[in-house]
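A.B. asks: This is the structure I want to talk about, given as structure tokens.
Values quoted throughout were computed directly from the atomic coordinates according to the rules given, and no laboratory measurement underlies them. The structure presented is a predicted model; accordingly, all values stated were derived computationally and were not measured. Cβ placement follows ideal geometry from the backbone for every residue including glycine, while neighbour counts extend to all protein chains displayed.
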Amino acid sequence: MRIAVVGSGYVGLVTGACFADLGHEVVLVDNDEQRVEALRKGEVPIHERFLPELLTRHRGGRIKFSGDLQAATRASEAIFIAVGTPPTESGDADMSYVESVAREISGAVDEYKVIVEKSTVPVYTNDWIRTIITRNGTDPELFDVASNPEFLREGTAVTDFLYPDRIVVGAESERAAELMCQIYSPLTSGWYYGRADAIPRPEKAQVSPPRLIVTSAQSAEIIKHASNAFLAMKISFVNAVASICESVGANVEQVCDGIGADSRIGPRFLKPGIGYGGSCFPKDLMAFRAVATESGYDFRLLEEVIRINEDQRRRFLRKVRSVLWTLRGKRLGVLGLAFKGGTDDIRESPALLLVQELLREGCKVCAYDPAAMERAKEALGNGAEFAADAYQAAKGADAVLILTEWEEFAALDLERLRGVVKYPIVLDGRNLYDPAAMTAHGFSYYSVGRPPALSEPAAARSAKREHA
Ligand code: UGA
């Protein structure tokens, strides 16, 4: 099928590249000429596994880049809107980019097309897009608007797209639903999975082809917000449980194992830590809260989810303080700046927010992140030092802080680390290590929701204090 994807940001790029891999002819449209030029030249503006391969595979063939939205609309059967919906000051989503795309598309709808909202949008956006396109003179018979929320996670976006748990399509007409089913049929029929050159299936992905769920437009819009809100709630819930575990001496990892084994709950998104961040959960929770308020429902649960999330960072900071006593002048080796592992994104990163707080408290921070250093340098300016690897960041440190769940931070050479630090103290905000392994290497190890594990001299000191 011929598809236009509007917006070459995170969602647009991944969607366009994956549609091309499913066999569709894709035009990726962006009004930023420099970005379009860079994409044509083969640059990949985001750090995302398999995206460079897919773009190389299809560039100049099934995927083209353009700045001309009207031409792309005329040439396509479906137009996916994947432009930004940033939060406004009041927390609801700014829909002006979506509106201006709808306005511009309007002049180019010359035969039946489906306009698909792919950006995360509040309920009723579908109706608004239809109104704007019709208001600008397009015959309502010539188009339908559908909602097709994405459930991609940064870092695994390509495989999330190609191996989804489900595909949601909100469509008000059978014709639109039928066209959307055709677009996704390479996945729902299982055809893609039989291909020798298919992007490999991730370990945790379901084996059977995904189900395509057709709903009303409003339901699809709510599904997106409610899914993200539920996942964020799961994280805040487990973080609250972790705090109780710390008070009573329980181990949150054991507790999560026990909770997650209940198939009604499931083990995923039950990892305690320093809280969720990124460009989605924080923004979407606020937007969903705003949607609820506007519809007359006071969704205070969401406020509590946000409060627990913010408190989680403060608790970790208190933990650093309680381990180091005073912070001014202390040298900290910080591992991780991205909002999670596998991405260079630092938006609303709890790691970065913590570093900023530690710098305000007068700490000297030497940080390392496998992908997010450039962005973090811009955000932190001269405030922090940056290292070439984890060991350089830890060199001479009063304590090492693990703030992002990168795989390489879970596989450090602990002997080597022990050899470079000033004091063998690790505060792990992501529970990447087995406490016993850390003490065996001479570290005192503090994590989230688990009893502290003290190295022998520290344990002896602590016992003496308790005795006194
Ligand atoms: C999230 C959703 O997971 C996607 O389904 C959705 O499509 C996307 O938002 C979106 O709306 O575009 P993403 O923001 O990329 O994806 O990242 P997640 O993997 O969900 O992680 C979000 C944050 O939660 C990270 O800071 C991560 O460290 C934290 N997290 C995640 C935990 O603290 N514990 C967990 O168990 C899982």
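A.B. asks: Determine the calculated [θ] at 222 nm for the chain from helices alone, applying -39500 (n - 2.57) to every DSSP H run no shorter than 4 residues and normalising by the residue count; nearest 500 deg cm²/dmol.
C.D. replies: Value at 222 nm, helices only, nearest 500: -13500 deg cm²/dmol.
A.B. asks: Take every DSSP beta bridge with both residues inside region 319-467 and express the antiparallel ones as a percent of the total, to the nearest 5.
C.D. replies: In region 319-467, DSSP labels about 5 percent of beta bridges as antiparallel.
A.B. asks: Output the 0 to 90 degree angle, nearest 10, between the alpha-carbon long axis of helix 174-188 and the longest principal axis computed from the alpha carbons of the chain.
C.D. replies: For 174-188 against the chain, the angle is about 50 degrees.
A.B. asks: Could you tell me the calculated FRET efficiency between LEU301 and TYR112, based on Cβ-Cβ distance and R0 = 51 angstrom, to the nearest 0.05?
C.D. replies: Rounded to the nearest 0.05, the efficiency is 0.75.
A.B. asks: Once you order the gyration tensor axes a ≥ b ≥ c over the Cα atoms, which shape class does region 229-308 get: rounded for a/c under 1.5, otherwise prolate or oblate by comparing a/b with b/c?
C.D. replies: prolate
A.B. asks: Just want to confirm a number: the relative contact order over the chain, from Cα pairs under 8 angstrom separated by 6+ residues, in percent.
C.D. replies: Reported relative contact order: 11 percent.
A.B. asks: Mind checking the angle between helix 281-294 and the chain's longest principal axis? C-alpha axes, 0 to 90 degrees, to the nearest 10.
C.D. replies: Approximately 60 degrees, to the nearest ten.
A.B. asks: Follow-up question, since we're still on this one. Using R₀ = 51 Å, calculate the FRET efficiency as 1/(1 + (r/R₀)^6) where r is the Cβ-Cβ separation of GLN70 and GLU456; round to 0.05.
C.D. replies: It comes to 0.10.
A.B. asks: For all pairs of alpha-carbon atoms in the chain, what percent lies in each bin of width 20 Å, listed from the first bin to the last filled one?
C.D. replies: Pair shares across the bins are 23, 51, 24, 3, 0.
A.B. asks: Turning to a different aspect of this structure: Enter the angle in degrees (range 0 to 90, nearest 10) between the Cα long axis of helix 300-324 and the first principal axis of the Cα atoms of the chain, meaning the one along which they spread out most.
C.D. replies: 30 degrees
A.B. asks: Here's a follow-up. Starting from 0.36 nm per residue, how many nanometres of slack lie between THR134 and THR88 once their C-alpha separation is accounted for?
C.D. replies: Fully extending the segment from THR134 to THR88 adds 13.9 nm.
A.B. asks: Hey, another quick one. If I model a spin label at ALA437 and ILE244 as a point 7 Å from the Cα along the Cα→Cβ vector, what separation in nanometres do I get?
C.D. replies: Rounded to a tenth, the inter-label distance reads 2.9 nm.
A.B. asks: I would also like to ask the following. Based on the alpha-carbon gyration tensor of region 47-153 and its eigenvalue square roots a ≥ b ≥ c, which shape applies: rounded if a/c is under 1.5, prolate if not and a/b is larger than b/c, or oblate?
C.D. replies: Because a/c hits 1.5 or more and a/b fails to exceed b/c, region 47-153 counts as oblate.
A.B. asks: What distance in nm lies between label points placed 7 Å from Cα along the C-beta direction at GLU174 and ARG103?
C.D. replies: That separation, rounded to one decimal, is 3.7 nm.
A.B. asks: Same structure again: Could you check what % of the DSSP bridge pairs in the chain are antiparallel, to the nearest 5?
C.D. replies: Antiparallel bridges make up about 10 percent of those DSSP assigns within the chain.
A.B. asks: Sticking with this structure for a sec: For region 319-467, how big is the tail of P(r) above 29 Å, as a whole percent of Cα pairs?
C.D. replies: Result: 11 percent of Cα pairs exceed 29 Å.
A.B. asks: For LEU324, put the label point 7 Å out on the Cα→Cβ axis and report which residues of region 275-317 keep their amide N under 12 Å from it.
C.D. replies: 317
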